[in-house]
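*Asks:* Here you go, one structure.
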Amino acid sequence: PDLKPHVPRKPSATRTGRMYRSAFQSAARAAGRTFKRNMSAGDQKIPGNVGLEVGVGLAIGGACAYGLKSSLDKDIAPWAAHSEAAKPAPAKAPPAAPSAGDTAAMDKFLAWAEAQKAASPADAKDTADMKFYTFTELPPFTAKHKSLMAKHLTPELWARYQNVKSSKGYTFSNAIQCGVLKPHLGVGMTAGDEECFELFKDLIYPIVKGWHQFDAYTQKHRSDLNPIHLNFSREQQLKFGEYVESTRIRAARNISGFSLPAGSSVEERLEVETVLKQAFSSLPEELQGSYFPLGELTAEQEEELQAGGFLFQKPGPMQLLGAAGAGRSWPDGRGIFHNPSNTVLCWCNEEDQCRIIA
């Protein structure tokens, strides 16, 4: 969501102090009047009723002060929490230098990777800026490999999947290449087409569970778009209205029969674009708009889309999508659809074939 946080105004410390002081002074004045009224000029003994009245006066003052404090605490708490959150995080200690063993393992891995690249045959999906490789043995993962793929890829799964590929030619090596060659990635695996989800499910399912806490072996995904079933209390609504300026709802959709962006060819990507343009042209009148191919945007259009947060960029080589090949032949076959009021927006061939934003 696009959030514009509410920053509570800092309570005045001077005003707070005056309120506390005023409460105690009022109690003291009441006690003083009682004391003068009951004490004789030469009598140094305080009558019992005076002590009682002084005590009552102070108790009233204390109660007033406590009530003021409780009220002020409610006002101060949001500001204090905001101030605490706004404090800069303490400086992190520099990372420990890698051990000799870690360095040796990484050197061994890098040498292995270069040998695998050199021996890999050409792939039909290769482009000038992206090559797919064929791994001939289980990658020698190091302590630097953080992905769920590296965690769950056992020798047994490697032996089972090593030579498996989908009917569209997406191999197991294609699927894990991003996580093998980019150790910092968190997921480390991509599907090149819908068939991959079944072919490689014994590796994909544990990854999905680790990333989404959803067990695809035992659970079924359920969608309920009926707003009546939304659990949204009145208290939550008020809080939502106080802090949230606008939100976006985003859905991803892919067209059965076409390769997904990481595995698609130029021809398939253009076919997907054609299908989506036909779909956009059949939208209801209030959603009618224009499609803008990324490669044909003027500088003015690009600036306007960028300012609205609508423009998507080519994924970098260190990102999952870039490392998996989803940015090949950029910007061919990619584009943006939106209506004049910008209440509906669709991205074509970005992370998914169609990303719908409203």
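*Asks:* Check cross-link reach from Lys165 to the aspartates and glutamates: straight Cα distance under 14 Å, and skip same-chain residues fewer than eight apart.
*Replies:* Asp123, Asp193, Glu194, Glu195, Glu198
*Asks:* How far is the Cα center of segment 230-284 from the Cα center of segment 132-172, in Å?
*Replies:* A separation of 31 Å, based on Cα centres.
*Asks:* Ranked highest first by average number of other Cβ atoms within 10 Å, how do 112-119, 270-277 line up? It would help to have the intermediate numbers written out before the result.
*Replies:* Working: 112-119: 12.8, 270-277: 17.2.
Final packing ranking: 270-277, 112-119.
*Asks:* Amide H neighbours of Asp123 under 5 Å, at least 5 residues apart or on other chains, H built in the peptide plane: list them.
*Replies:* The answer is Phe132.
*Asks:* In segment 144-209, carbon and sulfur make up what percent of the accessible area (probe 1.4 Å)?
*Replies:* Exposed carbon and sulfur together represent 54 percent of the surface.
The values are calculated or read from the model by the stated rules, or taken from the named source; none is laboratory data. For clarity, every value in this text was computed on a predicted model and none was experimentally measured. Every residue, glycine as well, gets a Cβ built from its backbone with ideal geometry; the counts of neighbours run over all protein chains shown. Heads up: the accessible areas ignore ligands, DNA and RNA and are worked out on the full protein's heavy atoms, side chains in. Shrake-Rupley method; radii C 1.70, N 1.55, O 1.52, S 1.80 Å.
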